[in-house]
1. How big is the range 253-536 in terms of Cα radius of gyration and Dmax, in angstroms?
2. Specify the inter-centroid distance of the range 219-292 and the range 146-204, based on alpha-carbon positions, in whole Å.
3. What is the Cα convex hull volume of the range 391-527 when expressed per residue in Å³?
4. Using θ = phi - 60° and the Karplus relation 6.51 cos²θ - 1.76 cosθ + 1.60, list the HN-Hα couplings for the range 148-163 in order, rounded to whole Hz, with x at every Gly or Pro.
5. Output ³J(HN,Hα) for the range 468-482: one whole-Hz value per residue in order, computed from phi by the Karplus curve 6.51 cos²θ - 1.76 cosθ + 1.60 with θ = phi - 60°, and x for Gly and Pro.
6. Based on alpha-carbon atoms only, what is the radius of gyration of the range 45-88 relative to the globular estimate 2.2 N^0.38 Å?
7. On a 0 to 90° scale, report how tilted helix 628-644 is relative to the longest principal axis of the chain, with both axes built from alpha carbons and the result rounded to the nearest 10.
8. May I ask you to list the lysines whose Cα is less than 27 Å away from that of Lys345, ignoring any residue fewer than eight positions away on the same chain?
Amino acid sequence: MIKITLPDGAVKELPKGSSAMDVAISISEGFARNVISAKVNDKTVEVTTPITSDANVTLYTFDNEEGKKAFWHSSAHILAQALEKLYPGIKLTIGPAIENGFYYDVDCGKHTIHESDFKKIEDKFLELAREKADFSLREVSKADALEKYKSEGNEYKVELIENLNDGEITFCDHSDFTDLCRGGHIPNTGIVKAVKIMNVAGAYWRADQNNAQLVRVYGISFPKQKMLTEYLELLEQAKQRDHRKLGKELELFAFSDNVGQGLPLWLPKGAMLRERLESFLKKAQLKAGYLPVVTPHIGHKNLYITSGHYEKYGADSFQPILTPHEGEEFLLKPMNCPHHCEIYKTSPRSYKDLPIRFAEFGTVYRYEQSGELHGLTRVRSFTQDDAHLFCRPDQVEEEFMKVIDLVLYVFGALGFEDFTAQISLRDPDNKEKYIGSDENWEKAEQAIINTAKAKGLKTVVETGEAAFYGPKLDFMVKDALGRSWQLGTIQVDYNLPERFELEYKGSDNEMHRPVMIHRAPFGSMERFVAVLIEHCGGNFPLWLTPEQVAILPVSEKYNENAQNILKLLNNYDIRGFVDERNEKVGRKIRDAEVGKVPFMLIIGEKEAETNVVSVRKHGEGDIGEFSIEEFANIINDEVKKDLNNN
C-alpha cells in the first residue's frame, strides 16, 4: 500500500501502482468522471500513470487552470492529426496550450490554409475526437526518435530531438497518430466535444525571422458545446468593450504614426479621466503619509548600471542618448526606483525618520517590440503610480500591510471585486536571473507570505515570476467578462539599498541598511485605464467619468438657459456640457447615450419657465423632473456613496 496525500491534507491508502484516476474514484465516482489531469509530487501526469510510492496528488477538472492546460494541449494533438489528414505531406513542429486554447505550427509545403478552411478542419477534428482514442505516453530512445523523423523528412522535430538526451524523450500516441511530446494529457479524445478554429497566422520557426516561416493555426476547445457557445458570446462582448474601439468612440486617447508606435496621446476627455484617477490616489497617499517627488525623464547611464536595470534590460531598451560631451551617455528612464534611491541619499537618515514614503506619477520608457504593442495595454511610454518606501527591517510587514489596504481601497472604488493575490517568487533553479543574497531573498519572500496570510487574501504562488531584485505580490484582477489582468503590484527589495549604499543611523548609533518596498496600485495609468474601460464598457463610475451631465436644449432659444444651468452645476462640482447643435432633441439624446454620458437634462419651454430640469439616465430613460439643487444632490450623493463605501 502507498499513502496518497491530497491538497486538503487528507490521506488515502491505495495499492502500489494505483493511478490518479484510482484516487479520484476513491473520492467519488461522480467526481472521477470530471477528472481529466493530475499532478503527482509537482509533476503533471496522465491520470492513468501508475503511482509507485507515497505521493502528494492534486486532481484537476476543466474548471482548474492546470486541467484546461492538459485539455488544450491534448486538443493540439487532435488538431495536428486533423491537419495531417486534410493536408498530406505537411510537417508538424510544435503545438502548445496557451492562455485561451492552443495552436499548432506547421510547415504547409505546397498547401495553404485560409479562413474558408476552418469549418472542414473543425469537422475533421470532431470526427477524430469521437473515436474516443486513449492518449498514451511512451519513452523513446534518441536514436529511434531521430530515425522516425529523419525518415519522414521533418527537420523541425529532428532539431528538437537533437537538443534532448536519452531518458527525456517521449512520444504521445492516440489512434493512428504519434507526436513528440513531454506529456500532460486528458484520458481520451472523446472528452473534447466542441472546437472552434479561431485564426491562422504566420510564425517563424523558433520565433527567429531568419528561420522558415510556418503557418500557425489557433483553436479553442471545450468538453461541452454550451461552453463554446458561451465563450464565443463572451468574445463578441469583448469586441464591443475593446478599449481601442471605445477609446476612439469616447475620444479618450489616440495614436499617431508621426509621434511613434506605442506612444499614446491623451485627448482632453481622457486626460480629465486620468487626472481624476491621479487626484484620487494622491489624496489617499497624502492621508497615508506619502511625500510627493518629481524626477526627470532621463538619467545618466551609470545610474542604471548601479541599479542593475542596464544589465537586465539594456539590450531591449531605447538606445543611449549621447551628449556633446565625449563619453557622456543618458537613458530614457525605464524605472523610477533608481531616482528615488538618489532622493533618499540627499539627507542623512535616522531610524526615527523611517519609514519614508516617496510617491510619483513617473513616466517611463521601454522599447517593446512593435509586434507586441497593443492599444494602451502594451506601450513604449507609460506612467506608473510609483512609490518607494524606505523602512527598517522590523517595519517591513506593517508597511506591506498598509500598502495592501491602499490597493484594496483603489480596487473597491473602481468596482474590481474579484481578484487573486499572486505571490511571485524567484526560481530557485535559475538564480542567475536575480541579484542579491539568498538570505535577503528568503527574508523578503517570507515577509510577503506572512502579510498576505495576515490580511486573509486569496493567494496563489508562482515560482519564477519575481522581479530581478525582489519577490512581489501581484494582484490578478478579473474584469466583468471574467478575464484576468495583472494590475497592482507590491515588491520587497533588500538589494537596491545595497547597490546604492543606502543607510540610516540606528538607535545603537551604528549605520544600518533600510529595506525598500516598491508599490504601484494602478500598475501603469495606461494599462489600468485600458482594463477599466473594458471592465465597465466605458460606463465609468460617476465620480470618475469625464462628463457627468449632457444638457440638451430642445431648440436654440433655450441655449442660454442651458448655459446658466451648467454654471449652476459647476458650483456643485458637477461636470457637464451643453449640446448646442442645431439638431432635434431625439438625435442629441441618442448621441449622449452612445457617448455614455450618465445623465441628460432636457431643457424646453416648461423647464425654462418652472426652473426645473427633466432628467434622463443613461440606459434607463426618464427618471423625473427636479430642481437644480435636487439634481445636484442626486449626483453628489451617488459620488459620495461610491467613494465612502470603499
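Values quoted throughout were computed directly from the atomic coordinates according to the rules given, and no laboratory measurement underlies them. No experiment lies behind these values; they were computed from the predicted model shown. So basically every Cβ, Gly included, is an ideal-geometry build from the backbone, and we count neighbours across all protein chains shown.
1. When restricted to the Cα atoms of the range 253-536, Rg and Dmax are 18.8, 59 Å.
2. If you average the Cα positions of each part, the centres end up 38 Å apart.
3. So the per-residue Cα hull volume is 122 Å³.
4. In residue order, the calculated couplings are 4, 7, 5, 5, 8, x, 9, 5, 6, 5, 4, 4, 4, 5, 4, 8 Hz.
5. My calculation for the range 468-482 gives 5, 9, x, x, 8, 10, 9, 9, 9, 9, 9, 8, 4, 9, x Hz in order.
6. 1.59
7. 40 degrees
8. Qualifying lysines at Cα under 27 Å: Lys282, Lys283, Lys287, Lys301, Lys312, Lys333, Lys402, Lys443, Lys472, Lys505.
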